[in-house]
Amino acid sequence: MNRFEAAERALRTAAPHELLDAVRAVLAERYGARSVELFMADYGLTVLQPVSVLPHTLDPVSVHNSPAGRAFGSQRPYREDLPDGQVRLHLPVSVRGDRLGVLTVTLATADEAHRYESELVEIADVLGHEVLVAERDTDLYLQARRKDRLTLAAEMQWQLLPGRSCSRPEYDLAAQLEPAYAIFGDNFDWSATADHLSLYVTNGMGEGIEASLLTNLAINALRNARRAGIPIADQAALADQAVYAHYQGRCYLSVLMFDFDLSTGRASVVDAGSPQLLRLREGTVERVDFDAQLPLGMFEETDYVAQDFQVEPGDRLVFVSDGVHTVASPRGEAYGDAALTRAVHATRLLPAAEVPRAILRELTGHRGEALADDDALVVCLDWRGRPGGDGDPTGRL
């Protein structure tokens, strides 16, 4: 059994709460690692939290200005040369584009770092998959992600989300919610098949637990309809009925729904409320408006109609909730379309995974020191299209 196979087997056979111990032992034995640490990205994407068991713990490290943060942001290995000749490798831990954290491995010499780097990158990938599986059976990695305590509403919302980013040959997709540790009802959801991407951006109503319960009901109703193979307009209608049946119009939910054909870039859209879309195409940012329809659950048995939309290779789509475009400055000025346009243009060179957090930082600067009184949600979709498909007539992507 070679080194990599031994490491992979150790991870796949370890108990869920012992993944770090397993990877430490095998990397020390097979690769001569002097130390091994695992850091998980916190919910706010501001720090990398160490995975450890009290009382043995390390300090968090910044996502923005630390060696581990560089590996996390670039999603590439980052090498740190230490004064004593040892080398510390910071390796991204991610699963299909969903950035989970960083595995930091200290080796004795630069030669060992050069010789083992490619294998250690693969081991970090295996570790990422095992962490996701382990989270079904242990709270260790979820606990490690928190630098503060989550509110109960936020706990419910984060458990409802599919992830914070994903990547396929046709697209990159990422999202972020603020305030990360006290979100209410905003939500995003996505699911992909071989030929389609479903994307929902939701603006919840209310505060605290009530907002979270409303969103949970609506999202699960949409998923139930989607998994039954029902078209997007009928998904909206069935979710509308489920919300109305429970709340009788007292509470309702805004949602912007997309069903993308991955081979053509054509999409069916249902606009049922307040989430907004901005498109960056060939350096120009413009707001895209659809025919507005009623929010889910406002009235009984609302009929919804899907609209057509075309996305082209190279397009960047940025979706925002009203907690972004209506947030006020200390002088009472709404953030609005002009500021949003500037933010989308200013972040045009960032990868999709970095865009939501960057725009939310701009929003925090606009709001000033005042506490957020509404959720803020940003979703970014970078569309490449399928090579040779109708959405890429040249076949040269």
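The values are calculated or read from the model by the stated rules, or taken from the named source; none is laboratory data. The structure displayed is predicted, hence computed values, not measured ones. Note that we place each Cβ from the backbone using ideal geometry, even for glycine, and neighbour counts take in every protein chain shown. Areas reflect the complete protein model, heavy atoms only, side chains present, ligands, DNA and RNA absent. Shrake-Rupley method; radii C 1.70, N 1.55, O 1.52, S 1.80 Å.
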> Does at least one position in the range 72-86 carry a residue that is open to solvent by less than 40 Å² (accessible area, probe 1.4 Å) and part of a helix (DSSP H, G or I)?
Replying inline: yes
> Can residue 308 be described as open to solvent by less than 40 Å² (accessible area, probe 1.4 Å) and at pLDDT 95 or above?
Replying inline: no
> Which is within 29 Å of residue 359 (Cα to Cα), assigned to a strand (DSSP E or B) and either open to solvent by 50 Å² or more (accessible area, probe 1.4 Å) or at pLDDT 95 or above (or both), of 213, 173, 132?
Replying inline: 173
> Any idea which of 100, 127 is of a type in the set (A, V, I, L, M), part of a helix (DSSP H, G or I) and modelled with pLDDT of 95 or more?
Replying inline: 127
> Mind checking which residues of the range 190-204 are buried (at least 22 other Cβ atoms within 10 Å of the Cβ) and without any contact (Cβ under 8 Å) to a residue 60 or more places away in the chain?
Replying inline: 200
> For the range 176-189, which residues satisfy the criterion of being open to solvent by 10 Å² or more (accessible area, probe 1.4 Å) and either under 13 Å from residue 211 (Cα atoms) or not in a loop (DSSP other than H, G, I, E, B) (or both)?
Replying inline: 178, 182, 184
>> For the condition part of a strand (DSSP E or B) and small (Gly, Ala, Ser), what is the one hit in 358, 267, 292?
In response: 267
> Hey, residue 52 hits all of (1) closer than 24 Å to residue 177 by Cα; (2) open to solvent by 20 Å² or more (accessible area, probe 1.4 Å); (3) of a type in the set (Gly, Ala, Ser); (4) outside any helix (DSSP H, G or I) but one; which does it fall short on?
Replying inline: (1)
> Just to be sure, is residue 68 open to solvent by less than 10 Å² (accessible area, probe 1.4 Å), of a type outside the set (Asp, Glu) and either out of contact with any Lys or Arg (no Cβ under 7 Å at 6 or more places or on another chain) or modelled with pLDDT of 95 or more (or both)?
Replying inline: yes
> Could you say whether any residue in the range 380-397 is part of a helix (DSSP H, G or I) and either at pLDDT below 65 or not hydroxyl-bearing (Ser, Thr, Tyr) (or both)?
Replying inline: no
> So which of 225, 239, 272, 267 is at pLDDT 95 or above, open to solvent by less than 20 Å² (accessible area, probe 1.4 Å), over 29 Å from residue 384 (Cβ atoms) and under 25 Å from the mean Cα position of the chain (by Cα)?
Replying inline: 239
